[in-house]
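The structure appears below as structure tokens.
The values are calculated or read from the model by the stated rules, or taken from the named source; none is laboratory data. Since this is a predicted model, take the numbers as computed values, not measurements. Backbone-built Cβ (ideal geometry, glycine too); neighbour counts: all protein chains shown. Each accessible area value is taken on the protein alone, full model and side chains, heavy atoms only, with ligands, DNA and RNA left out. Shrake-Rupley method; radii C 1.70, N 1.55, O 1.52, S 1.80 Å.
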Amino acid sequence: MTASIEETEKKLLAERVQERLIGSKNSVLYSDLLNETIPTFLKNYLQNSVKRMVNTEEPVQFKNSKRFDFDHPKIKQLRNSLLQAFEEVTIFPREELIEAINKTVRLQFDLIVRPSTTLMTIFYRNKSDRTKNEILQILEALHDDRVYLNEVIAKIKGFDQFHVVEADFRKLLTETETEIYKEKFLDVFLSEVKTFIKFLGMIHGFNSWEIKLELVKLLLDERNLNGVAQAFAHYQSSAIDIADLKHLLELFIKEKENGPGGNGGDESDNFIMYSSTNPDVKTERITVVNGHTELDSTSANNPLVEPVANEKRKRVQIINSHDQADDWIIDRTKIEQRPEGPLEPLEKLIDEKSRKFIVKKIFDQDCSAYENFISRLNEIDNWKNAKEVIEIELHQRHVMPFSREALRLGDLAFTRYFPEKQI
């Protein structure tokens, strides 16, 4: 039933965006799309697509010549303005745009309905390892102000390793979800609903504070808070606004505190929540006490919650060869340690092609500034401090931390402290 509602809703939402943005047109200009209210994921997808097309097809080209200074600020400014103009007049064919709408609407819908599972898919579908800064950049670019995601970002910032492996990220999501629902259930859930309403506004092109009641129940169902749906048992409308939603949830919590067996809040009926990111289903009992929620592990059945099927265990590939297995194992405790022996100077690690690329893209052809910076890095004997110096330099020079040039510099510097075989 839930799956049917979800798939139907995704299809309807994607069709609504298609109707509003494309209609009967065979193609649409990117600048026209920018003038419309569109979902965040679709906007980001289109933005990345036009930049990639402009860079790939190179509508603006300069023939190499020693007679002209192509790096002169005025030329660079004009070139950037011209490239921006080409971006705005990029044409999206109908079929390509429909495919982008379907893909991004579904992904954003999934991130709202089941955030933990979707984040695991986004970050670790094709990788077993992500850098801390990479995760932060992507999470912050979502511009999602839900309590849950803000807490995840805070936890990642406090994570004490440069790399975040899949198991650590899964554990972080599970612990964060458990903690916030334990401490402030009402605030957390209302922030989820508000984000859903905002997303629906971007779908339809206008703001509204109402949401279908079946979508609210879908959010509860995906968080295995089925019993809370009783709060809306006598609500007559098929849609509910945020004020009524908050009021009904507050009444429900108060009723559970003071109802039969509640003893004024000393003991009360319970909700059950299963971690959506844990491969082994773990049951947690959330008890409402004096307007707050408290949590303890339990395996008892609960009358408010429908049975939840066991999740399938994740398949793990077994590596039989010890020699092969060694290549797959990364000892994360070494990330902040200094390797044995003297460190190689960066001049030996940075090849000539990379040096020219970094000098041009980061230091604006100032070889002296580049050499001074490399000398400073050579004096640093650990990666943690070197990384901080690099990040400060990139910030001062207005270089995006995940641009090609920033990544190239970071990767080369990283190998000084951690040669491949060491980690």
TODO: Filter region 163-194 for residues that are of a type in the set (D, E, K, R) and free of Cβ contacts under 8 Å to residues at least 60 places away in the same chain and give the result.
DONE: Glu166, Asp168, Lys171, Glu175, Glu179, Asp187, Lys194
Task: Subset of region 402-417 [open to solvent by less than 20 Å² (accessible area, probe 1.4 Å), among the aliphatic types (A, V, I, L, M) and over 26 Å from the mean Cα position of the chain (by Cα)] - done: Ala413
TODO: Filter the helices (runs of 4 or more DSSP H) completely within region 1-107 down to those with at least 1 residues that are aromatic (Phe, Trp, Tyr).
DONE: 30-34, 40-57, 73-88
- [ ] Select from region 114-132 the residues that are at pLDDT 90 or above, polar (S, T, N, Q) and open to solvent by 50 Å² or more (accessible area, probe 1.4 Å) and list them in ascending order.
- [x] Thr117, Thr121
Task: Matching residues in region 14-51 - criterion: being open to solvent by 10 Å² or more (accessible area, probe 1.4 Å) and small (Gly, Ala, Ser) - done: Gly23, Ser24, Ser27, Ser31
Open item on the list: I'm trying to understand the selection: among the residues of region 169-206, which are open to solvent by 50 Å² or more (accessible area, probe 1.4 Å) and of a type in the set (A, V, I, L, M)?
Closed with: none
TODO: State all residues of region 218-235 that are open to solvent by less than 10 Å² (accessible area, probe 1.4 Å) and in a helix (DSSP H, G or I); if no residue qualifies, say none.
DONE: Leu218, Leu219, Leu220, Gly227, Val228, Phe232
TODO: Return yes when Ile197 is among the β-branched types (Val, Ile, Thr), at negative phi and not in a helix (DSSP H, G or I) and no when it is not.
DONE: no
TODO: Can you tell me which residue within region 138-168, out of those that are open to solvent by less than 30 Å² (accessible area, probe 1.4 Å) and closer than 22 Å to Phe414 by Cα, is modelled with the highest pLDDT?
DONE: Ile156
Open item on the list: Given the options Glu99, Glu58, name the one that is modelled with pLDDT of 95 or more and either among the β-branched types (Val, Ile, Thr) or open to solvent by 60 Å² or more (accessible area, probe 1.4 Å) (or both).
Closed with: Glu99
TODO: Find all pairs meeting these conditions: Cβ atoms under 7 angstrom apart; at least six residues apart or on different chains; first residue within region 212-238 and charged (D, E, K, R); second residue modelled with pLDDT of 90 or more.
DONE: Lys212/Ser238; Lys212/Ala239; Lys217/Ala229; Glu222/Val113; Glu222/Arg114
TODO: For region 203-211, indicate whether the set of residues that are at pLDDT 90 or above and assigned to a helix (DSSP H, G or I) is non-empty.
DONE: yes
Open item on the list: Consider region 378-398. How many of its residues are closer than 21 Å to Gln161 by Cα, open to solvent by 40 Å² or more (accessible area, probe 1.4 Å) and assigned to a loop (DSSP other than H, G, I, E, B)?
Closed with: 1
- [ ] Scan (1) assigned to a helix (DSSP H, G or I); (2) within 29 Å of Leu42 (Cα to Cα); (3) in contact with a helix residue (DSSP H, G or I) (Cβ under 6 Å, 6 or more places away or on another chain) for the single condition Leu215 breaks and write down its number.
- [x] (3)
Open item on the list: Tell me the residue from Ile112, Ile101, Ile91 that is closer than 30 Å to Leu220 by Cβ, in contact (Cβ under 8 Å) with a residue 60 or more places away in the chain and more than 16 Å from the chain's Cα centre (by Cα), please.
Closed with: Ile101
TODO: For region 15-67, enumerate the residues that are of a type outside the set (S, T, N, Q) and within 23 Å of the chain's Cα centre (by Cα).
DONE: Val17, Leu34, Ile38, Pro39, Phe41, Leu42, Lys43, Tyr45, Leu46, Val50, Lys51, Arg52
- [ ] Within region 345-377, track down each residue that is part of a loop (DSSP other than H, G, I, E, B) and among the aromatic types (Phe, Trp, Tyr).
- [x] Phe363
